Amino acid sequence: MTMLHETVETVETVETVETGLLRALTRGAETRAFPLIVAAVAMATTLSMTIPFGTLLVAAVLLAPRRWRSIAATSSIGAAIGALVLYLVFHHLGWNRFFVAYPDVVRSTAWRDATSWLGGYGVPALLVIAALPVPLTPALMFAAISRLPVAEVLLALWLGKLVKYTLYAWLASAFPSPWIRRVQDRTATLHAALSRAQALDPGSQHRAAPGTSPPGPTDRPQP
């Protein structure tokens, strides 16, 4: 029961974080910095090792379909930087501490596949794995404790992510226009709801910038 309870809590935590990241994307969809926001989300999800970024990438493109190229490009950079940080952490752990810290990983099928691919082909295999819709973390762990060159690993991660995210973003941008309009309408509704909740929050008066007054009834967004 304890293990089941922990699993449920983990799932709920992941869903909560995903919802928070989606709200951040929604708030920033109309800003110039939106591709950079998506890149930050890509890096955060990569570092988490539990939250898939693919669905968030699709959501980001649906929020701003005309910017799919820049979203894919910046996302690949953010994800590659996050993966490199993990690479350095795993590299620092070394074999012994790695096996103690991640016993389930070394017994997984993904770990056996990663060791087979990287053992036979090296860094090019890491590029292929990064470009495929398969778990990257086991391959990244093996690459780190195998001491593959950092510069080559970063290049492989970036190119692989760029290929995958460009494909995802292009497919999302190619959705029929009614689907895109529906997503945009829901986004506008969510943004209005968030603004309304902030306006109704009693504590918002204390968080207002100096010299500003809390929103009155006429300042509140209309549904």
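Any read-out appearing in this document is the output of simple, stated calculations on the displayed coordinates, not a laboratory observation. Model, not experiment: these values are computed from the prediction. In this analysis, Cβ positions are derived from the backbone assuming ideal geometry, glycine residues included, and neighbour counts consider all displayed protein chains.
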Alpha carbon centroid spacing (whole Å) that separates the stretch 116-171 from the stretch 14-89: 18
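Under a Cβ-Cβ cut-off of 14 Å, what is the net charge of the residues other than Val41 that fall near it, where Lys and Arg count +1 and Asp and Glu count -1? Before the final figure, lay out the partial values.
Numbers: positive: Arg23, Arg27, Lys161; negative: Glu18.
With Lys, Arg at +1 and Asp, Glu at -1, the neighbours total +2.
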Between Val106 and Trp170, with labels modelled 7 Å along Cα→Cβ, what's the label distance in nm to one decimal, could you check? 4.1
What nm value, rounded to one decimal, do you get for the distance between Arg147 and Arg32 when each label is placed 7 Å out toward the C-beta? 4.7
Using 0.36 nm per residue, how much length does the chain from Glu15 to Phe99 gain when fully extended, once their Cα-Cα distance is taken away? 27.4 nm
